[in-house]
1. Being in contact (Cβ under 8 Å) with a residue 24 or more places away in the chain, in the same structural domain as Ala129 (by TED's automatic domain parsing) and either assigned to a helix (DSSP H, G or I) or over 19 Å from the mean Cα position of the chain (by Cα) (or both) narrows it down to one of Leu182, Leu268, Leu203, Leu272, so name that one.
2. So, in the range 41-59, of the ones that are closer than 14 Å to Asp99 by Cβ and of a type in the set (Gly, Ala, Ser), which residue ends up modelled with the lowest pLDDT?
3. Among what's in the range 364-385 and is small (Gly, Ala, Ser) and touching a residue at least 40 places away in the same chain (Cβ under 8 Å), pick the residue that is surrounded by the most Cβ atoms within 10 Å (Cβ to Cβ).
4. Are there any pairs, at least 6 apart or on different chains, whose C-beta atoms fall under 9 Å, with the first in the range 312-329 and in the same structural domain as Gly419 (by TED's automatic domain parsing) and the second charged (D, E, K, R) and surrounded by fewer than 16 Cβ atoms within 10 Å (Cβ to Cβ), and if so, which?
5. Out of the range 180-200, which residues are in contact with a His (Cβ under 9 Å, 6 or more places away or on another chain) and either of a type in the set (A, V, I, L, M) or crowded, with 18+ Cβ neighbours inside 10 Å (or both)?
6. For the structure I just gave you, tell me whether Leu282 is under 22 Å from Ala265 (Cα atoms), modelled with pLDDT of 90 or more, outside any strand (DSSP E or B) and not small (Gly, Ala, Ser).
7. If you check Arg136 against the conditions, is it closer than 30 Å to Phe220 by Cβ and modelled with pLDDT under 95?
8. Any residue at all in the range 69-92 that is over 30 Å from Ala40 (Cβ atoms), at pLDDT 90 or above and assigned to a helix (DSSP H, G or I)?
Amino acid sequence: MARKGITAKKLEALQGKRRKSATREWDGDGSGFGVKVSAAGRLTFFQFYYSPEGTTDKDGNDITGKRRFMGLGNYPETTLAEAREKAQEARELLERGIDPQEHAREQQEAHRREKRKRAQRGTLAGVAALYLWHMRKRGRSREYITAVRRGFHRDVFPVVPRDTKAGDVEPEDVQLILHRPLSRGADHTARVLRANLHRAFKLAIQADNDPRNLGSAVKFRVRHNPVEDVPLEVHVTPGDRELSFSEIGRVWREADHATPYPQDALLLRLLLALGGQHITELREAQWPEFDLQAGQWHLKAARHKNRTRDHLVPINSTAAEVLEELRALTGGQGYLFPQLRNAHKPMRAERPGAIVRGLLAHLEAQGEPMEKFTASDFRRTCKTRMHEIGIPKTTTNHLHNHDFGGVSAKHYDRYDYWGEKQRAMRAWDIALKAAIAGEPVPEARCRAALQWDENGGARLEVVG
């Protein structure tokens, strides 16, 4: 006589009723499906079977033909219909010669391995942290690093969560990230953000492939830089404003009226006197870098943009006068241009721009406005005017520490061009003094200052 099958009504009758010992109730179709009833009345669905031929357990032991019960869930958390469906899936595996319990164990182990592997994969936040660390190692300024970090928090993480695995970031994600600044009209910000993202992912790929990181617990698993497939053609208008010698003289003479703080005027004057060095490098300069007796500003490689070697800047007489005035004002300790409220930090990055705007506002209020320019235009101005008085382009490139590139310049040319830079700064000193005095620039004297005398030295007599 066939056994009566398991029904929902029967399960309700069995549930919660205590008994002397556990029993099993079987379905009536002989499939091996049933429910185990504990002494306390707890119900657990199961599928009974014999292990197929060739089955081994987790320790590698042969368990062919072993009687096994596979748990399918507790009632009522698992319904009868759900339990029957699980039992059917188990029987289908058995028909294919697969032990369903060993199959489930292998799947669980594979899931755990994938989970561990995924936990070891670096996140997008990790890529950003690696990039910021790399910039600190290269000596980038605190302001620059802060700006990059702010860009990630403002435009990247709100679009792609910081805990996203780096290898899961797709070009479509990069498109959405860049759309954020573009949608508010910040084209330049989008271009800079794309460049930073590209460098960050490139660095992550290099970190994974670096043999020195072979034992690293964290891998980014970035197979392809997702930024490469997202072009961003943003039209950037290069600056073209350069001041004439007459305008340089006006800036020098009126600089004291830019702001109420004397050191602000000295910053503008020193930018001009030193021939247009990088604003950031001068803004963050410290007194130990300057040797007025030797007449040089020694900028360590880690402190400037082109980090191949130290950069030496000759100090001409005009720059020396400004530095002496600045030393008397600030005490000659720490930063040349400290913050107004915190002498232990350099002048803020936005301060030079504010000084120039203050100067332009003063000139306009006096009824003698000057065509708008920015603090960044000083470098272009000095380079252009230097060429005007005959200083060769090669010399101005060395004076401004431009990267010449190429194997020869990077590895083999160790000449410091100090003599050429000295003569260039003497010629610039002559031109600048004339501009400050409101006089025509004596180009002949400037060009003479660039010549060597018969003994191979600079013709110093023309400077007086």
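1. Details: Leu182 fails: in contact (Cβ under 8 Å) with a residue 24 or more places away in the chain; Leu268 fails: in the same structural domain as Ala129 (by TED's automatic domain parsing); Leu272 fails: in the same structural domain as Ala129 (by TED's automatic domain parsing).
Going through Leu182, Leu268, Leu203, Leu272 in turn, just one is in contact (Cβ under 8 Å) with a residue 24 or more places away in the chain, in the same structural domain as Ala129 (by TED's automatic domain parsing) and either assigned to a helix (DSSP H, G or I) or over 19 Å from the mean Cα position of the chain (by Cα) (or both): Leu203.
2. Gly54
3. Filtering the range 364-385 down to residues small (Gly, Ala, Ser) leaves 365, 367, 375-376.
Imposing the further condition that a residue be touching a residue at least 40 places away in the same chain (Cβ under 8 Å) reduces the set to 375-376.
Values: Ala375: 19, Ser376: 16.
By that ranking, first place goes to Ala375.
4. Pairs that qualify, where the first residue is in the same structural domain as Gly419 (by TED's automatic domain parsing) and the partner is charged (D, E, K, R) and surrounded by fewer than 16 Cβ atoms within 10 Å (Cβ to Cβ), are Leu312/Asp416; Ile315/Asp291.
5. Filtering the range 180-200 for residues in contact with a His (Cβ under 9 Å, 6 or more places away or on another chain) gives 181, 187, 190, 199-200.
If the condition is that a residue be in contact with a His (Cβ under 9 Å, 6 or more places away or on another chain) and either of a type in the set (A, V, I, L, M) or crowded, with 18+ Cβ neighbours inside 10 Å (or both), then Pro181, Ala190, Ala200 are the ones that fit.
6. Yes.
7. Working: closer than 30 Å to Phe220 by Cβ: yes; modelled with pLDDT under 95: yes.
It is true that Arg136 is closer than 30 Å to Phe220 by Cβ and modelled with pLDDT under 95.
8. First, the residues of the range 69-92 that are over 30 Å from Ala40 (Cβ atoms): 92.
Then keep just the ones that are at pLDDT 90 or above; that gives 92.
Checking the rest, the ones that are also assigned to a helix (DSSP H, G or I) come to 92.
For the range 69-92, residues over 30 Å from Ala40 (Cβ atoms), at pLDDT 90 or above and assigned to a helix (DSSP H, G or I): present.
The values are calculated or read from the model by the stated rules, or taken from the named source; none is laboratory data. Every value quoted in this text rests on a predicted model; they were computed, and no experiment measured them. All Cβ positions, glycine included, derive from the backbone under ideal geometry; neighbour counts span all protein chains shown.
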